[in-house]
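Before any comments, here is the structure.
The values are calculated or read from the model by the stated rules, or taken from the named source; none is laboratory data. Note that the structure is predicted; figures quoted are calculated from it, not measured. Here the Cβ positions follow ideal geometry from the backbone for every residue, glycine too, while neighbour counts run over all protein chains shown. Calculation scope for accessible area: heavy atoms of the full protein, side chains included, ligands and nucleic acids excluded. Shrake-Rupley method; radii C 1.70, N 1.55, O 1.52, S 1.80 Å.
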Amino acid sequence: MPESPATSSNPTITGLTSDEAQSRLAQFGPNDPTPAGQFSALRHIGLQLANPLTIILLVASAIAVYLHQNVDAIIIVVVVMLGIAVNFFQTFRSEQAIRHLRERVAPTATVLRDGAWHELPRKEVVPDDVVRLSSGDLIPADGLVLAARDFFVAQAAMTGESLPVEKEPHPDDPAQHRNPSAPNMVFLGTSVVSGTATVRIFATGAKTAFGDIAAKLAERPEETEFERGLRRFSSLILRVIVFMVLFILAMSLALKRSPFESLLFAVALAVGLTPEFLPMITSVILATGAIRMARDKVIVKHLAAIQNFGSIDIFCSDKTGTLTAGKMTLETVVDPAGTSSEWARTLGFLNAKFNTGIRSPLDVTILEKACPAADGYVIIDEIPFDFDRRRVSVIVGKTGANPPERLLIAKGAPEGMLPLCDQHQCGNVTSALDETAHNSARKTYEDLSRNGFRVLAVGFARVPVQAKYTKDDERGLVLAGFLAFSDPVLADSVAALAELKRDGVEVKILTGDNELVAKHVCEEVGLDSSRIVLGEEMATTSDAAMGALAEKTTVFARVSPSQKHRIILALKARGRVVGYMGDGINDAPSLHSADVGISVPSAVDVARDAADIILVEPGLAVLHRGIIEGRKASGNAMKYLLMDTSSNFGNVLSMAAASVFLPFLPMLPTQILLNNFLYDLSQVTIPTDNVDDEYVRLPQRWDMKLVRNFMLFIGPISSIFDFLTFYVLLHVMHAREHEFQTGWFVESLATQTLVLLVIRTMGNPFKSRPSRPLLLTTLFIAALGVVLPFTPVAGVMGFTHLPGYYYIFLVVATIAYLGLVEIGKRLLVARRIKTLRAMHA
């Protein structure tokens with residue numbers, strides 16, 4: 001790694017001490033223009049207390065006290081507080097777990113503290129800090145450029161300019177106007193394209209130029225399918241609640257019941273139908289999924305991305321780090337004729353040592369082995385790498401040479417290097433690169449590529465002394481040879497590809513390497529490489545034809561970052577859910593546009609910032625495990641919705657009907673609240689549940705039609721058994737008010753909770769086992785409902801003893817109900833199960 005500009009050209013630059021930095025941090029606050037809200041216990045509890053239904057219940061309890069109905073008031077308050085406590089505890093645990101996961105992939109900055117460079121969290125950067133920037137870095141705050149070398153910044157987020165702009169120090173005008181056009185200023189929200197710089201920070205957090213407009217520019221992530229489904233579900237439930245509550249309230253008043261009791265009854269019903277635990281349950285489900293994924297080396301940055309992760313049906317990536325280990329080894333260095341060449345290795349070493357752009361794995365590999373022949377050279381200038389040229393050049397000089405000599409050394413893809421060369425060097429002989437020599441050189445690197453080696457060409461030219469060098473100086477080169485790197489295929493790639501295919505995920509390789517290398521690697525792992533589309537072909541393909549081409553093709557070679565982006569957009573336009581993995585500067589647009597952007601810890605800041613998911617370890621096996629966990633989280637969320645909507649809707653239908661013909665309330669408001677609380681409590685363990693293998697074998701999308709059908713079909717089945725219970729209570733037991741209310745409370749709670757054991761699986765509930773926590777909580781809550789009438793609180797809650805034969809009826813009716821729900825469930829999901837099984841076979 002070449003010496004930083006901070007130490008080479010400005011040795012007097014000093015940073016802050018740790019004590020000074022702590023003082024500034026206390027004064028200016030964390031470096032975050034839009035700080036994420038920390039979980040606040042008071043705020044969370046306050047929001048729950050501010051819920052309209054909660055407010056009505058608390059007002060009702062106050063009225064009950066005024067009317068001397070103290071027992072009812074206490075019961076209402078206790079049930080409300082217990083619900084808030086459970087919600088708070090579960091949400092707090094989820095928030096803490098996710099915060100710890102996010103801290104593992106938080107952005108960092110290289111800061112000069114106490115005279116040494118340290119990698120610190122970006123939020124700890126303070127005014128007057130000195131930071132070091134290089135290719136791929138996100139600029140952590142607004143700063144003044146103190147020293148720079150070929151330093152180009154992408155600042156489209158601030159100015160809309162599509163092309164990078166060069167930034168350099170202006171010592172004569174250090175206080176130039178602070179806007180993005182200033183040539184010696186860099187700003188938060190922009191990123192480094194190439195080169196290096198040392199910058200002194202002058203503004204952080206909300207004081208930055210980006211902070212002034214952060215509220216407007218804070219990008220709202222595109223609504224995921226999961227979030228869209230929740231929004232539609234909430235809208236549906238709201239409409240049903242409003243209609244049912246108004247209807248029941250009108251009927252109660254028409255029957256000349258107590259207005260206060262009628263209002264409280266209607267509100268209690270609204271609470272019963274409202275899935276008030278929905279935000280908490282889904283948060284816990286997603287957080288549990290994120291924790292499981294973290295154990296499998298997959299870090300989730302945005303919880304909502306988990307469902308999309310499970311929905312992926314196409315995964316696009318380069319072969320490096322997915323099919324191969326991403327650990328390069330320099331196997332051989334040869335001249336254009338294929339003979340070992342120490343001169344070509346020396347040139348490659350000098351180029352890798354002195355280029356200050358993207359520190360690629362290839363450069364790291366080249367520098368692993370010392371090269372004494374490279375001693376005595378110093379860097380003069382650099383022509384940075386870009387994705388159009390696909391090469392980088394350095395201009396070096398020999399220490400003490402008189403007259404001074406300049407040597408331009410270019411290194412890059414052979415396809416782009418050969419046209420720049422008009423000579424070649426084999427041994428100590430330099431000769432013209434005529435057609436015969438050109439064909440020979442081409443054959444040399446193609447043979448290496450066919451054997452799976454990644455090949456770079458290296459060339460040189462003696463150039464005159466001048467102030468600045470540009471890409472126009474990369475001409476008339478002498479081809480010195482080729483550097484061949486091996487990157488072994490991961491041992492589990494073949495198995496992981498087979499598992500992904502089995503589970504409905506198609507892998508597509510989008511690589512900048514040539515087609516020969518891509519073909520060799522894909523053949524090793526069993527990917528179809530019979531048809532390889534090159535970037536040149538894509539350039540002439542219309543947008544209309546691009547979608548079909550992208551779906552039919554498995555391997556794309558010699559494609560640019562913009563072409564990768566085009567492939568992803570084409571696949572999405574055809575309704576596919578696309579995951580894309582990238583780690584480079586120009587991968588950011590593709591990571592943003594993919595349904596799920598995936599990166600790795602070693603990626604440049606820009607890529608990690610754009611990604612939704614971070615794979616701690618390379619390889620498709622880690623990816624596959626993450627996808628399966630995403631599907632499990634989605635499956636458990638769907639269980640909650642199916643159970644909650646069907647059971648609640650059925651109970652409210654029954655309550656509406658009963659309120660019409662009964663001379664008393666079918667259940668006391670406090671009993672409804674207790675029933676609802678115990679029912680919600682039974683569902684808290686859904687996030688721990690097992691998910692059917694059949695469910696995780698295919699990409700799963702949010703199915704609101706299935707949720708609606710469950711509510712409209714399974715809900716009335718619940719009402720049928722409620723009406724049967726009404727008949728038994730009224731005409732067999734000749735139950736009076738308290739007996740009726742007790743009997744229905746016990747039956748309602750038992751059927752509501754136990755039906756989860758049926759609805760939780762799309763298959764046979766006797767073959768698909770629930771998790772132990774879910775089974776225990778379900779049985780416990782059902783049993784608690786049965787024993788409550790025999791406890792000391794029975795009188796307080798308005799419960800009374802029931803005859804023994806009622807419990808015989810309860811067992812028979814519950815079993816019959818669960819059986820009928822199983823039949824209804826199978827009718828609703830028969831086609832879905834058939835499709836899943838066909839795909840699994």
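What's the local net charge at ARG760, with K and R +1, D and E -1, over the other residues with C-beta under 11 Å away?
Combined, the nearby Lys, Arg, Asp and Glu give +1.
Compute the Cα gyration tensor for region 529-677, then decide on rounded, prolate or oblate, letting a ≥ b ≥ c be the square roots of its eigenvalues: rounded whenever a/c is under 1.5, prolate when a/b is larger than b/c in the other cases, and oblate in all that remain.
On the way: a/c = 4.02, a/b = 2.60, b/c = 1.55.
Prolate shape, in that a/c is at least 1.5 and a/b is the bigger ratio.
For region 491-576, what is the relative contact order in percent, using Cα pairs closer than 8 Å and at least 6 residues apart in sequence?
34
For LEU706 paired with THR554, estimate the spin-label separation in nm (one decimal), with each label point 7 Å from Cα along the Cα-to-Cβ line.
So the two model labels end up 3.0 nm from each other.
Hey, can you rank 586-593, 396-403, 773-780 by average C-beta count inside 10 Å, highest first?
586-593, 773-780, 396-403
With an 8 Å Cα cut-off and a minimum separation of 6 or more residues, compute the relative contact order for region 283-386 in percent.
18
Could you please state, rounded to a whole Å, how far the C-alpha centre of region 755-822 is from the C-alpha centre of region 638-681?
Answer, in whole Å: 15.
Step through the table entries LYS411/LYS468; LYS301/LYS572; LYS297/LYS411; LYS167/LYS353; LYS564/LYS705; LYS301/LYS519, compare each Cα-Cα distance with 31 Å, and write down the pairs that go over it.
LYS297/LYS411; LYS564/LYS705; LYS301/LYS519, as the Cα separations exceed 31 Å there.
Can you give the relative contact order of region 673-792 as a percent, counting alpha carbon pairs under 8 Å and 6+ residues apart?
Working: 78 pairs, mean separation 51.9, N = 120.
With pairs under 8 Å counted, the relative contact order is 43 percent.
Can you pull the percent of region 429-499's accessible area that's carbon plus sulfur, 1.4 Å probe, other chains left in place?
Numbers: 1840 of 3490 Å².
The computed percentage sits at 53.
If I model a spin label as a point 7 Å beyond the Cα along the Cα-Cβ vector, how far apart are those points for ARG442 and ALA495 in nm?
Rounded to a tenth, the inter-label distance reads 4.3 nm.
Specify whether the C-alpha gyration tensor of region 725-792 places it in the rounded, prolate or oblate class, a ≥ b ≥ c being the square roots of the eigenvalues: rounded for a/c under 1.5, otherwise prolate if a/b is larger than b/c and oblate if not.
Verdict is oblate for region 725-792.
At 1.4 Å probe size, put ASP680, ASP32 in order of accessible surface, largest to smallest.
ASP32, ASP680
Along the Cα→Cβ direction, 7 angstrom out, place labels at ALA401 and THR470. What is the inter-label distance in nm?
Result for the modelled spin labels: 2.4 nm.
State whether region 299-451 is rounded, prolate or oblate according to the following rule on the C-alpha gyration tensor (a ≥ b ≥ c being the square roots of its eigenvalues): a/c under 1.5 gives rounded; otherwise a/b larger than b/c gives prolate, and the remaining case gives oblate.
Prolate, because a/c is 1.5 or more and a/b exceeds b/c.
Which net charge results when you count Lys and Arg as +1 and Asp and Glu as -1 among the other residues whose beta-carbon is under 15 Å from that of LEU776?
Result for the neighbourhood of LEU776: +2.
For ARG769 and ILE720, what is the calculated FRET efficiency with R₀ set at 30 Å and r taken between the beta-carbons, to the nearest 0.05?
Computed FRET efficiency for ARG769 and ILE720: 0.60.
Using the per-residue mean of other Cβ atoms lying within 10 Å as a proxy for protection, in what order, highest first, do the peptides 611-618, 195-202 fall?
Working: 611-618: 22.2, 195-202: 24.4.
Highest mean packing first, the order is 195-202, 611-618.
What's the local net charge at GLU446, with K and R +1, D and E -1, over the other residues with C-beta under 15 Å away?
Surrounding charge for GLU446 is +2.
How far, in nm, would the chain grow between THR688 and HIS734 when pulled straight, counting 0.36 nm per residue and subtracting the alpha carbon separation? Please list the in-between numbers first.
Working: separation 46, 0.36 × 46 = 16.56 nm, distance 4.29 nm.
Using 0.36 nm per residue and subtracting the Cα-Cα distance, I get 12.3 nm.
Could you please state how large a percent of the accessible area of region 612-673 is carbon and sulfur, counting protein chains only and using a 1.4 Å probe?
Values: 760 of 1130 Å².
The C+S portion of the solvent-accessible surface of region 612-673 is 67 percent.
For region 606-669, what is Rg from Cα atoms divided by 2.2 N^0.38 Å, rounded to two decimals? Mind dumping the intermediate values first?
Numbers: Rg = 23.1 Å, N = 64, 2.2 N^0.38 = 10.7 Å.
Compared with the compact-globule rule of thumb, region 606-669 sits at 2.16.
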